[in-house]
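The values are calculated or read from the model by the stated rules, or taken from the named source; none is laboratory data. Keep in mind that what you see is a predicted model, and the values were worked out from it rather than measured. Positions of Cβ are backbone-derived with ideal geometry, glycine not excepted, and every protein chain shown enters the neighbour counts.
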Amino acid sequence: MVVVMKERATEAQIDAVIARLIELGMDVHRSSGATRTVLGVVGDGKVDKEMIELLDGVHEVLRISAPYKRASRSYRPEDTVVTIDDVRIGGDEVIVMAGPCSAETEEQCQASAAAVKRAGAKVLRGGAFKPRSSPYSFQGLGEHGLQMLRRAADAHNLKLISEVMDVSQIPLIDQYCDIFQVGARNMQNFTLLRELGHARKPVLLKRGISATIEEWLLSAEYILSGGNNEVILCERGIRTFETATRNTFDISAVPVVKKLSHLPIIADPSHGAGRRDMVAQLARAAVAVGADGLLIEVHHDPDHALSDGAQSMFPSQFDRLMAELRIIAPAIGRSICLEPVARRGWAR
């Protein structure tokens with residue numbers, strides 16, 4: 001970092017700042033200009049930027065390296081590819097994860113899994129524990145929901161991703177899922193993130209509803225610092241003053257993260273819009289801008305879904321979207337699942 005002193009900072013103030021930085025384990029290089037003294041600070045010590053700014057004589061403190069280390073592109077210049085058997089997230093292929101918001105019935109899980117597999121998805125998404133804004137909303141079926149989702153995934157040769165909300169749920173979800181999902185509300189649940197750092201399965205980390213990209217990457221750092229290097233980032237929209245959509249889908253986050261971090265990043269256009277009639281457009285844009293994958297809600301009967309029905313696609317809509325993505329992906333040097341098995345049955 002760089003510490004810029006005030007124009008009239010005294011020698012005593014400058015010496016005090018230098019002494020404090022050295023005390024914190026940093027090396028300090030002083031440079032005096034015509035009007036200001038600048039201190040270049042390097043080292044492995046932990047320095048609170050705001051604390052240094054409060055010292056007498058300090059004008060401003062500028063950080064020149066990212067506060068996240070393991071998540072940064074400088075730590076690992078090459079892209080990280082998260083591999084689960086034949087599924088490679090972050091490689092040349094755009095990986096699509098799709099399925100219902102939550103497990104409801106055996107029929108629903110099986111029908112949704114069949115639909116997304118037929119269209120070309122590689123991972124089944126579905127919740128068994130649901131964080132809902134209202135305590136009276138459907139909260140998920142717990143382990144019974146996980147069992148139904150696992151049976152559906154196995155029946156159609158899909159990997160399974162499901163949300164973990166609490167440290168106590170990790171062992172249970174670990175029995176059934178291939179990927180842990182951390183939702184937006186838990187992006188800064190640091191106790192949960194630390195525990196997932198000890199897990200030996202990939203973790204998909206959604207961006208918080210009001211989080212900056214730096215805060216998001218710092219949350220990923222918690223998982224990485226625990227020894228779990230298989231972290232997937234997920235842009236799902238942020239809260240702004242706009243009310244026309246459920247969230248504001250930050251499409252620019254994809255290329256920004258690609259520049260700052262080696263971690264794969266996927267996009268969730270379902271939560272980004274909150275309306276199924278906008279999901280396809282946002283999904284196409286996310287792939288065009290470089291997303292490594294998509295997380296999409298698909299339900300065989302969304303008008304009667306117990307949660308998030310308004311943003312869940314009909315299987316026929318998902319079929320069309322996948323066909324469109326097979327045109328977009330090659331244009332930017334990517335691939336997507338080969339042509340699906342014959343489409344049939346979905347008239348909507």
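Values for this structure:
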{"quantity": "Which numbered condition His198 misses (of (1) farther than 28 Å from Tyr176 by Cβ; (2) part of a loop (DSSP other than H, G, I, E, B))", "calculated": "(1)"}
{"quantity": "Every residue from the range 12-39 that is surrounded by 14 or more Cβ atoms within 10 Å (Cβ to Cβ) and either of a type in the set (S, T, N, Q) or closer than 15 Å to Arg63 by Cα (or both)", "calculated": "Gln13, Leu21, Met26, Val28, Thr37, Val38, Leu39"}
{"quantity": "Only one of Ser261, Ser252 that is over 22 Å from Val203 (Cβ atoms) and at pLDDT 95 or above", "calculated": "Ser252"}
{"quantity": "Verdict on Ile209 being within 30 Å of Gln169 (Cα to Cα), without any contact (Cβ under 8 Å) to a residue 40 or more places away in the chain and part of a loop (DSSP other than H, G, I, E, B)", "calculated": "yes"}
{"quantity": "Residue check, Glu93 of a type in the set (D, E, K, R), more than 19 Å from His271 (Cβ to Cβ) and in contact with a helix residue (DSSP H, G or I) (Cβ under 6 Å, 6 or more places away or on another chain)", "calculated": "no"}
{"quantity": "Flag for Lys201 being in contact with a Cys (Cβ under 6 Å, 6 or more places away or on another chain) and modelled with pLDDT of 95 or more", "calculated": "no"}
{"quantity": "Residue count for the range 153-199, restricted to those that are within 19 Å of the chain's Cα centre (by Cα), of a type in the set (Ser, Thr, Tyr) and under 22 Å from Gln108 (Cα atoms)", "calculated": "1"}
{"quantity": "Test result for Arg30, assigned by TED's automatic domain parsing to the domain that holds Met322 and part of a strand (DSSP E or B)", "calculated": "no"}
{"quantity": "Test result for Ile64, loosely packed, with under 13 Cβ neighbours inside 10 Å and either modelled with pLDDT of 95 or more or not polar (S, T, N, Q) (or both)", "calculated": "yes"}
{"quantity": "Ile213 being surrounded by fewer than 19 Cβ atoms within 10 Å (Cβ to Cβ), of a type in the set (Val, Ile, Thr) and at pLDDT 95 or above", "calculated": "yes"}
{"quantity": "Residue tally, condition of a type in the set (Ser, Thr, Tyr) and without any contact (Cβ under 8 Å) to a residue 12 or more places away in the chain, over the range 225-247", "calculated": "2"}
{"quantity": "So Gly126, is it of a type outside the set (Phe, Trp, Tyr), buried (at least 21 other Cβ atoms within 10 Å of the Cβ) and touching a Pro at 6+ places or on another chain (Cβ under 8 Å)", "calculated": "yes"}
{"quantity": "Some residue of the range 202-217 being touching a Phe, Trp or Tyr at 6+ places or on another chain (Cβ under 9 Å), in the same structural domain as Ser261 (by TED's automatic domain parsing) and under 15 Å from Ala66 (Cβ atoms)", "calculated": "yes"}
{"quantity": "Qualifying helices (runs of 4 or more DSSP H) (wholly inside the range 232-291; at least 2 residues being surrounded by fewer than 20 Cβ atoms within 10 Å (Cβ to Cβ))", "calculated": "253-260, 276-288"}
{"quantity": "The range 82-116, residues that are surrounded by fewer than 16 Cβ atoms within 10 Å (Cβ to Cβ) and either of a type outside the set (S, T, N, Q) or under 13 Å from Leu160 (Cα atoms) (or both)", "calculated": "Asp85, Asp86, Asp92, Glu106, Glu107"}
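Yes/no matrix, rows are residues, columns are (1) of a type in the set (Asp, Glu); (2) crowded, with 19+ Cβ neighbours inside 10 Å; (3) within 22 Å of Lys206 (Cα to Cα):
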site	(1), (2), (3)
Phe138	no, no, yes
His144	no, no, no
Met148	no, yes, no
Asn157	no, no, no
Leu160	no, yes, yes
Ser168	no, no, yes
